[in-house]
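**Student:** One structure is given below, represented as structure tokens, and several questions about it will come after.
The values are calculated or read from the model by the stated rules, or taken from the named source; none is laboratory data. No experiment lies behind these values; they were computed from the predicted model shown. Heads up, the Cβs are rebuilt from the backbone with ideal geometry, glycines too, and the neighbour counts pull from every protein chain shown.
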Amino acid sequence: MPNSKRLFTLSAILITFATLFSFDSYAQSPAADTMPKLLTQREQMKVREGWLRKRLGTLLPGMMKRHGIDMWIVVNEEFNSDPVTPHITPPIPIVGRRDVFIFIDRGETHERIAMVRYDEERLKNHYRMVMPARDKFGEELKKIVDERKPKTIALNIGGSRGQQSGLSYDSYRFLAESLGAENEKKFVSAADLLVEFFDTRLPEELEHYRNAVAATEIIARRAFSNEVITPGKTTVGDVRWWMMEEVNKLGLTIWFQPDLRIQRRRAATETTGPFLSTAAEAEVIRRGDLLHLDFGLDYMGLSTDWQKHAYVLNEGERDAPAGLKAALRNTNKLQGIIFSIARTGMTGTEVYERSMAECKRQSIECMIYSHPIGTHGHGLGPSIDFRGNIGGGGNKIILGSYMSIELNTTTPVAEWGGQKVTMMAEDDAVMTENGYEFIRPRQTEIYIVR
């Protein structure tokens with residue numbers, strides 16, 4: 001046997017072994033049962049200011065050097081905030097007509113200046129404050145830039161994602177007119193800097209992110225239970241609004257509305273593009289339905305993303321049909337394949353191609369569309385996705401970064417007359433030195449609604 005073929009065979013054996021036997025070692029957290037203690041707003045401020053101090057003071061200077069950026073300017077407009085602003089300031093409203101945050105690489109030192117209209121004491125913990133009169137804003141900004149003579153001035157423009165393109169046309173004109181033609185020639189895109197900035201996680205964030213994901217799991221489990229669902233009576237909208245109210249009670253927010261999908265025996269589920277369509281809010285949940293939930297919330301400046309399945313028992317049933325359980329096992333196999341392959345330094349594209357090759361070898365019909373997560377629900381960084389790298393650049397996986405492992409498999413179900421069922425899963429994971437680990441245990445059993 002040629003060496004290349006022998007190595008491929010050995011690799012396939014190892015992947016299969018990892019998928020079947022060792023995969024659940026990644027799921028180290030206990031099962032969700034009680035809501036974790038979430039910090040009060042005041043407690044969150046203290047913790048998040050510590051994170052911000054480390055990000056701006058320790059991480060950002062090195063990032064700017066790596067990307068060849070001498071100066072980075074972020075402009076925030078009232079009622080038209082730059083998506084970057086909440087992540088370079090303490091978690092407080094920034095409501096000036098036009099506020100400017102300036103980051104300067106001065107060789108051995110790093111300087112941060114906030115040009116704002118209002119004297120906010122928490123900004124002073126992170127910036128030198130400059131508060132010119134309204135009609136002197138442009139003049140003061142030009143003075144700061146000219147004194148420091150940067151070779152490059154990075155702006156939030158030119159990216160493929162919203163987080164990278166927050167500078168408005170009017171604010172661009174303000175900068176160009178205030179700084180003059182010679183400085184305008186120095187303008188460059190901050191897009192690549194922002195990929196690294198947003199995809200880099202602090203180790204101390206993980207404890208709080210686990211609590212965010214645990215809260216997501218608990219609300220999802222309750223939503224897909226008889227606490228919320230009465231078959232033949234409860235609508236999709238009832239479940240959706242119950243979840244949003246529960247998030248609101250916790251003092252948290254959602255970054256997208258919860259989506260529900262329904263698959264039924266002898267009924268085709270509509271599709272939107274390559275995915276199953278979401279169900280209408282007026283749709284009544286029936287016995288025999290296979291339910292799917294897509295749900296995420298925000299806590300401590302971090303977002304979660306979570307997809308799970310539930311089965312509504314028919315009269316006389318005590319469990320989900322064996323064919324549906326087998327379909328979920330196929331999705332678990334797909335998760336295991338990705339986890340056995342993905343490692344720090346690999347590109348998302350490489351992980352995708354190798355995973356799909358292994359699925360083909362195991363005859364698993366699947367789709368993979370995993371994305372970075374953390375600061376934003378759909379974050380910047382590498383994606384493991386059939387559509388290519390859509391994470392805004394930066395296609396190498398960073399140690400400690402978070403990935404939403406989003407995917408599905410499609411399997412014929414004997415009890416449904418061979419009808420194909422799609423089992424979708426999405427679980428948040430962290431990249432460790434040994435590969436991805438789920439933040440919470442993955443779903444290996446279908447939730448049951450009686």
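**Student:** Looking at region 208-230, which of its residues are surrounded by fewer than 18 Cβ atoms within 10 Å (Cβ to Cβ), in a loop (DSSP other than H, G, I, E, B) and touching a residue at least 24 places away in the same chain (Cβ under 8 Å)?
**Tutor:** Ser225, Asn226
**Student:** Give all pairs with beta carbons closer than 7 Å in which a residue from region 127-149 that is without any contact (Cβ under 8 Å) to a residue 40 or more places away in the chain and of a type outside the set (Gly, Ala, Ser) meets a residue that is crowded, with 16+ Cβ neighbours inside 10 Å and in a helix (DSSP H, G or I); count only pairs at least 6 apart in sequence or on separate chains.
**Tutor:** Met129/Leu123; Val130/Glu140; Pro132/Glu140
**Student:** Please enumerate the residues belonging to region 125-159 that are within 14 Å of Leu193 (Cβ to Cβ) and among the hydroxyl-bearing types (Ser, Thr, Tyr).
**Tutor:** Thr152 - this is the single residue of region 125-159 that is within 14 Å of Leu193 (Cβ to Cβ) and among the hydroxyl-bearing types (Ser, Thr, Tyr).
**Student:** Please go through region 76-118 and give me each residue that is under 20 Å from Arg53 (Cα atoms) and among the β-branched types (Val, Ile, Thr), ordered by number.
**Tutor:** Within region 76-118, Val84, Thr85, Ile88, Thr89, Ile92, Ile94, Val100, Ile102, Ile104, Thr109, Ile113, Val116 qualify.
**Student:** State the number of residues belonging to region 144-179 that are under 27 Å from Asn389 (Cα atoms), buried (at least 19 other Cβ atoms within 10 Å of the Cβ), modelled with pLDDT of 95 or more and of a type in the set (Gly, Ala, Ser).
**Tutor:** The qualifying residues number 3.
**Student:** In addition: Does region 391-449 hold any residues that are hydrophobic (A, V, I, L, M, F, W, C) and part of a loop (DSSP other than H, G, I, E, B), and which are they?
**Tutor:** Of all residues in region 391-449, those hydrophobic (A, V, I, L, M, F, W, C) come to 397-399, 403, 405, 407, 413-414, 416, 421, 423-425, 429-431, 438-439, 446, 448-449.
Scanning region 391-449 gives Ile397, Ile398, Leu399, Ile439, Ile446.
**Student:** Continuing with this model, one more query. List every residue pair whose Cβ atoms sit under 8 Å apart, with the two residues 6 or more apart in sequence or on different chains, where the first one lies in region 403-415 and is over 14 Å from Phe275 (Cβ atoms) and the second, anywhere, is part of a strand (DSSP E or B) and of a type in the set (Lys, Arg).
**Tutor:** Once the first residue is over 14 Å from Phe275 (Cβ atoms) and sits in region 403-415, its partners that are part of a strand (DSSP E or B) and of a type in the set (Lys, Arg) give Thr411/Lys420; Pro412/Lys420; Val413/Lys420.
**Student:** Right, here's the next one. If Lys233 satisfies all but one of (1) surrounded by fewer than 14 Cβ atoms within 10 Å (Cβ to Cβ); (2) in contact with an Asp or Glu (Cβ under 8 Å, 6 or more places away or on another chain), what's the number of the condition it fails?
**Tutor:** (2)
**Student:** When you look at Leu313, is it among the hydrophobic types (A, V, I, L, M, F, W, C) and crowded, with 23+ Cβ neighbours inside 10 Å, yes or no?
**Tutor:** Values: among the hydrophobic types (A, V, I, L, M, F, W, C): yes; crowded, with 23+ Cβ neighbours inside 10 Å: no.
No: the conditions fail for Leu313.
**Student:** Search region 255-275 for residues being buried (at least 18 other Cβ atoms within 10 Å of the Cβ) and of a type in the set (A, V, I, L, M, F, W, C), and hand back the single one that is farthest from Gln41 (Cα to Cα).
**Tutor:** Step one: list which residues in region 255-275 are buried (at least 18 other Cβ atoms within 10 Å of the Cβ), which gives 258, 260-263.
Filter once more, so that each one left must be of a type in the set (A, V, I, L, M, F, W, C): 260, 262.
Values: Leu260: 31, Ile262: 37 Å.
The extreme case among them is Ile262.
**Student:** Right, something else. Taking the options Ile390, Ile368, Ile405, Ile384, name whichever one is modelled with pLDDT under 95, under 17 Å from the mean Cα position of the chain (by Cα) and hydrophobic (A, V, I, L, M, F, W, C). Steps first, answer last, please.
**Tutor:** On the way: Ile368 fails: modelled with pLDDT under 95; Ile405 fails: modelled with pLDDT under 95; Ile384 fails: modelled with pLDDT under 95.
None of the other options fit; the residue is Ile390.
**Student:** Report every pair of residues separated by at least 6 positions or lying on different chains whose Cβ atoms are under 7 Å apart, first residue within region 80-91 and assigned by TED's automatic domain parsing to the domain that holds Leu60 and closer than 15 Å to Tyr169 by Cα, second hydroxyl-bearing (Ser, Thr, Tyr) and assigned to a loop (DSSP other than H, G, I, E, B).
**Tutor:** Asn80/Ser168
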